[in-house]
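Trainee: Please see the structure below; I have some questions.
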Amino acid sequence: LSFIVTILGSNSATPAFNRNPTSQLLRIGQEQLLIDCGEGTQMRLLALKQRASRIRYIFISHLHGDHYLGLVGLLSSLHLNGREEDMHLFGPPGLDEILTTQFKYSNTYLCYRIHFHVVSTTPETILDAESFTVSTLPLSHRIHCMGFLFREKPGKRRINKDLLPPTLSVHHLKRLKEGKDLFDPAGNLLYRNEDLTLPPRLPRSYAFCSDTRYEERLVDYVRGVSLLYHESTFLDDQRERAAETFHSTARQAATIARLAEVDKLVLGHYSSRYRDLVPFLTEAREVFPNAVLSIEGEDIEVE
Ligand SMILES: [Zn+2]
Ligand SMILES: [Zn+2]
């Protein structure tokens, strides 16, 4: 199963230096999920040849414009393109009112249904899909704001092709995949399942921590995740400004990653005061070596 984060927008507040406000596309197998939807998100999807029509779930962290002002445009285009499939939208209270007002005054009756799920800031599971779950993460920002944790469900045991006897029938292979032992027609045990299969892959996980000031409470919630996105609006010489505006520095993001012992950290939500992003990486890697920058258009595989 693929588990890939594509960076659509990486900047904070306003577009700058060809960087766009926050948005990410998460692909888990066949499912496409959109996380935040800053202005220009649908253009970014088009530029990357990603089909917005395949998105079934949208998660909005909070109602600062740089995280959702692209939503009405995206939802309108889906309508104009004749979407029929339901859309599930998870977001803070008030988002439904904003959308309803927009569509009311443009006299738009969407040709598909939006299920709006109000998400509170108390950590809880908000989606239980076939192959993954989504729960919320508590953040500390100026307004109602939450992060999202995407967690793969444990998989099945995998057939070890190197150990398969050539005589196995299709029926036997099917039983193996179902985790069952193999018997001959007389009911005698031929092979034990665990002798021909490998353990399931470890479930992968992705934590998206949108706008937040340094919040150590987060550590327990994101402990051991495969990939952590943590905003890093500023460099650490601006940490007072970061605290005042409820944002974090690259060093603080890396500190959360280190304390939580995650596998990999991705930085983002850069302030428009910075043209050069290399100092973010340098600063973060002093604390947590396995850190990368979010760069628009790039895919980050969750491993
Ligand atoms: Zn923001
Ligand atoms: Zn914000």
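The values are calculated or read from the model by the stated rules, or taken from the named source; none is laboratory data. What you see is a predicted model, and the numbers here were worked out from it, not measured in a lab. Reconstructed Cβ throughout: ideal geometry from the backbone, glycine too, with neighbour counts over all protein chains shown. For accessibility, only protein heavy atoms count, side chains too; no ligands or nucleic acids. Shrake-Rupley method; radii C 1.70, N 1.55, O 1.52, S 1.80 Å.
Trainee: Which one of the conditions (1) surrounded by fewer than 19 Cβ atoms within 10 Å (Cβ to Cβ); (2) within 15 Å of ligand 2 (Cβ to nearest atom); (3) closer than 20 Å to L1 by Cβ does P203 fail to meet, given that it meets all the rest?
Mentor: Exception for P203: condition (2).
Trainee: At pLDDT 95 or above and over 30 Å from E216 (Cβ atoms): is that true of I98 in this structure?
Mentor: Details: at pLDDT 95 or above: yes; over 30 Å from E216 (Cβ atoms): yes.
Taking the combined requirement at face value, the residue satisfies it.
Trainee: Also, I was wondering about something else. If you scan segment 183-207, which residues turn out to be without any contact (Cβ under 8 Å) to a residue 24 or more places away in the chain and in a strand (DSSP E or B)? Break it down into steps so the answer makes sense when it comes.
Mentor: Going residue by residue through segment 183-207, those that are without any contact (Cβ under 8 Å) to a residue 24 or more places away in the chain are 183-190, 192, 202.
F183, L189, L190, listed by residue number.
Trainee: Picking from L137, L190, which residue would you name as being open to solvent by 20 Å² or more (accessible area, probe 1.4 Å) and not charged (D, E, K, R)?
Mentor: Details: L137 fails: open to solvent by 20 Å² or more (accessible area, probe 1.4 Å).
Result: L190 is the single residue among L137, L190 that is open to solvent by 20 Å² or more (accessible area, probe 1.4 Å) and not charged (D, E, K, R).
Trainee: Moving on to the next point. Of all residues in segment 3-43, which are over 19 Å from L293 (Cβ atoms) and without any contact (Cβ under 8 Å) to a residue 60 or more places away in the chain?
Mentor: Selection gives R27, Q30, Q32, L34, C37, E39, G40, T41, Q42, M43.
Trainee: Output the number of the condition that L69 fails; it satisfies all remaining conditions of (1) farther than 28 Å from R201 by Cβ; (2) free of Cβ contacts under 8 Å to residues at least 40 places away in the same chain.
Mentor: With respect to (1) farther than 28 Å from R201 by Cβ; (2) free of Cβ contacts under 8 Å to residues at least 40 places away in the same chain, L69 is out only on (2).
Trainee: Here's another thing I want to ask about it. Quick check on this structure: which one of L80, L75, L110 is within 24 Å of F148 (Cα to Cα) and aliphatic (A, V, I, L, M)?
Mentor: L75
Trainee: Tell me, please, whether a residue that is within 16 Å of the chain's Cα centre (by Cα) and either hydroxyl-bearing (S, T, Y) or more than 22 Å from T282 (Cβ to Cβ) (or both) can be found in segment 215-222. Even if it seems obvious, please write down each step before you answer.
Mentor: Pass one, segment 215-222, residues within 16 Å of the chain's Cα centre (by Cα): 221-222.
Checking the rest, the ones that are also either hydroxyl-bearing (S, T, Y) or more than 22 Å from T282 (Cβ to Cβ) (or both) come to 221-222.
There is at least one residue in segment 215-222 that is within 16 Å of the chain's Cα centre (by Cα) and either hydroxyl-bearing (S, T, Y) or more than 22 Å from T282 (Cβ to Cβ) (or both).
Trainee: Filtering segment 36-92 down to residues that are part of a helix (DSSP H, G or I) and hydroxyl-bearing (S, T, Y), which residue is most open to solvent (accessible area, probe 1.4 Å)?
Mentor: Step one: list which residues in segment 36-92 are part of a helix (DSSP H, G or I), which gives 41-47, 52-54, 65-67, 71-80.
With the extra rule that they be hydroxyl-bearing (S, T, Y), the set shrinks to 41, 53, 76-77.
Values: T41: 3, S53: 60, S76: 35, S77: 34 Å².
Within segment 36-92, the match that is most open to solvent (accessible area, probe 1.4 Å) is S53.
Trainee: I need a count of the residues in segment 231-272 that are open to solvent by 30 Å² or more (accessible area, probe 1.4 Å), within 14 Å of ligand 1 (Cβ to nearest atom) and not hydroxyl-bearing (S, T, Y). Can you show your working first?
Mentor: Filtering segment 231-272 for residues open to solvent by 30 Å² or more (accessible area, probe 1.4 Å) gives 237-241, 243-244, 246, 251-252, 258-259, 261, 263-264, 272.
Those left that are additionally within 14 Å of ligand 1 (Cβ to nearest atom): 246, 272.
When the remaining residues are screened for being not hydroxyl-bearing (S, T, Y), the result is 246.
Total satisfying the criteria: 1.
Trainee: Which of the residues belonging to segment 104-132 are open to solvent by less than 40 Å² (accessible area, probe 1.4 Å) and out of contact with any helix residue (DSSP H, G or I) (no Cβ under 8 Å at 6 or more places or on another chain)?
Mentor: Once the filter is applied, which keeps residues that are open to solvent by less than 40 Å² (accessible area, probe 1.4 Å) and out of contact with any helix residue (DSSP H, G or I) (no Cβ under 8 Å at 6 or more places or on another chain), segment 104-132 yields V119, I126, L127, A129, S131, F132.
Trainee: Whether any residue in segment 2-11 is at pLDDT below 95 and under 18 Å from the mean Cα position of the chain (by Cα) is what I want to check. Outline the logic, then answer.
Mentor: Quick first cut of segment 2-11, residues at pLDDT below 95 only: 2.
Those left that are additionally under 18 Å from the mean Cα position of the chain (by Cα): 2.
Yes, that holds for at least one residue.
Trainee: Could you list, in sequence order, all residues of segment 288-303 that are under 21 Å from T14 (Cβ atoms) and either surrounded by fewer than 24 Cβ atoms within 10 Å (Cβ to Cβ) or in contact with a helix residue (DSSP H, G or I) (Cβ under 8 Å, 6 or more places away or on another chain) (or both)?
Mentor: Looking only at segment 288-303, we keep the residues that are under 21 Å from T14 (Cβ atoms), and these are 293-297.
Passing the criteria: L293, I295, E296, G297.
Trainee: Sticking with this one: Those residues that are free of Cβ contacts under 8 Å to residues at least 40 places away in the same chain and either aromatic (F, W, Y) or surrounded by 11 or more Cβ atoms within 10 Å (Cβ to Cβ) (or both), I need them from segment 148-169; list them, please. It would help to see each step written out before you state the result.
Mentor: Initially, segment 148-169 is screened for residues free of Cβ contacts under 8 Å to residues at least 40 places away in the same chain, giving 159-169.
Result: I159, N160, L163, L164, L168.
Trainee: Could you grab me the full set of residues in segment 51-79 that are aromatic (F, W, Y) and within 16 Å of ligand 1 (Cβ to nearest atom)? Talk me through it step by step, then tell me what you get.
Mentor: Restricting attention to segment 51-79, the residues satisfying the condition of being aromatic (F, W, Y) are 57, 59, 68.
F59, Y68 - these are the residues of segment 51-79 that are aromatic (F, W, Y) and within 16 Å of ligand 1 (Cβ to nearest atom).
Trainee: Within segment 275-287, can one find any residue that is touching a residue at least 24 places away in the same chain (Cβ under 8 Å), part of a loop (DSSP other than H, G, I, E, B), open to solvent by less than 50 Å² (accessible area, probe 1.4 Å) and not charged (D, E, K, R)?
Mentor: Among the residues of segment 275-287, not one is touching a residue at least 24 places away in the same chain (Cβ under 8 Å), part of a loop (DSSP other than H, G, I, E, B), open to solvent by less than 50 Å² (accessible area, probe 1.4 Å) and not charged (D, E, K, R), which makes the answer no.
Trainee: Mind listing whichever residues of segment 1-35 are open to solvent by less than 50 Å² (accessible area, probe 1.4 Å) and of a type in the set (V, I, T)?
Mentor: I4, V5, T6, I7, T22, I28, I35
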